[in-house]
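The values are calculated or read from the model by the stated rules, or taken from the named source; none is laboratory data. For clarity, every value in this text was computed on a predicted model and none was experimentally measured. Virtual Cβ from ideal backbone geometry, glycine too; neighbours counted across all protein chains shown.
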Amino acid sequence: MIQAPDLPLWAAIVVGVFVLLGASITLIGALGLLRLNSFYDRVHAPTLGPTLGTACILVASITCFSVLQSRPVVHEILIAIFVTVTTPVTLMLLARAALYRDRRAGVADVPKD
Amino acid sequence: MRRLLPYPMLSLALFGMWVLLTGFSPGHVVVGALVGVFGGLVMRRLSPEQPRIRFGWAMVKLTALVVADIVRSNIAVGRIILFGRSDRRSGFIQLPITLHSPYALAALVIILTATPGTLWLQHDARSNTILIHVLDLVDEDQWIELIKTRYETLLKEIFE
Amino acid sequence: MSTLVLALTITLAQVILGLAMACAAFRVLRGPRAQDRVLGVDALYLAGMLLLLTYGIQTGRTLFFEAALVIALLGFAGTVALAKFLMRGEVIE
């Protein structure tokens, strides 16, 4: 299914560049999940997607819908705020759970309580 | 006014969210206002500590700093992932901290974790230290100095 | 002309996001430990949410935005519950 909204040239360029940029940044973050070696290194990798990746795609989405409906459409900001606030919570909880499990298992290179 | 809106910031945020989600029409503005007031009243029952937030230049400066840091560290971490160096060392840092307000600490959690490359693990309220994990640990003291001068003073100005 | 280029660009972005989801799914299947799998789920739902947003741009309908918001909400709740489970062995204490 190849289709696209009918946008003026400047908006098409902005939307295209930002969508591609956001998707690439998210892919780099996901590649980090594969390439990095230890769990604590891998936790850093998915933060690329929610921060800059999401921001780029939301900029593209805001531009697209604002031009299409010829009024400012900014409800995408809700997703930005929500993702920014929730990602640290999940990653922190996950890292703490891993730390707790490693301490229980007696892994050597984690800091003691 | 105080009794109706015990948490004005929360009510305003709820109202803004409602209007953004439903589209701007007079009926939804009224419903959104009711939701905002009701949310504030529910929150009073839970009675969390009242935050003291100072709006001002410090907030603008912190936002600009955080956005710039997110972009910068995204590029840095992306480079590590794509062309990983063999001499890269990651590790944990114990960081002494002087912030006490839970809101300031929550803001610091979000800032540190949202910038790729640093991850918050835990906060010890007794010894006032936080434990963070850093992906590219070159110099431990340099990181401590960076976080202290970059974020801590601004957060103190806003929240304490 | 510009519409065709834009359409191809958006499709390319969707393929890239699909690859990102595949990487995350590989981590979910491979492990090696439970926390790695949960981390994979976290990356997976975020990439899925971004994919829905690009569908929204492609079709010009705001319906996909609501779906993305729901995925973000449920993914957050799910990952928090899983992390809690790893920590204590129970979700509700």
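Some points to look at:
- With respect to being on the phi > 0 side of the Ramachandran plot and either touching a residue at least 60 places away in the same chain (Cβ under 8 Å) or outside the structural domain of B:Asp139 (by TED's automatic domain parsing) (or both), B:Gly23 fits the description.
Conditions (1) acidic (Asp, Glu); (2) part of a helix (DSSP H, G or I); (3) under 23 Å from B:Ala68 (Cα atoms), marked per residue:
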residue	(1), (2), (3)
A:Ala23	no, yes, yes
A:Asp41	yes, yes, yes
A:Val74	no, no, yes
A:Ile77	no, yes, yes
A:Phe82	no, yes, yes
A:Pro88	no, yes, yes
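Yes or no, residue by residue, for (1) over 17 Å from the mean Cα position of the chain (by Cα); (2) crowded, with 22+ Cβ neighbours inside 10 Å:
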residue	(1), (2)
C:Val28	no, no
C:Gly60	yes, no
C:Phe64	no, no
C:Ala83	yes, yes
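- Subset tally (residues that are facing chain A (nearest Cβ under 9 Å) and part of a helix (DSSP H, G or I)) for the stretch B:107-128: 6
- Boolean, A:Leu58 is in a helix (DSSP H, G or I), among the hydrophobic types (A, V, I, L, M, F, W, C), out of contact with any strand residue (DSSP E or B) (no Cβ under 9 Å at 6 or more places or on another chain) and within 11 Å of chain B (Cβ to nearest Cβ): no
- Count of residues meeting criterion [over 20 Å from the mean Cα position of the chain (by Cα), assigned to a helix (DSSP H, G or I), loosely packed, with under 14 Cβ neighbours inside 10 Å and not basic (Lys, Arg)] in the stretch B:38-66: 3
- As a summary of the residue check, C:Met87 satisfies the conditions (1) at the interface with chain A (Cβ under 7 Å from one of its Cβ atoms); (2) buried (at least 21 other Cβ atoms within 10 Å of the Cβ); (3) hydrophobic (A, V, I, L, M, F, W, C) except for the one numbered (2).
- Against the list (1) loosely packed, with under 15 Cβ neighbours inside 10 Å; (2) under 13 Å from the mean Cα position of the chain (by Cα), the condition C:Leu50 fails is (1).
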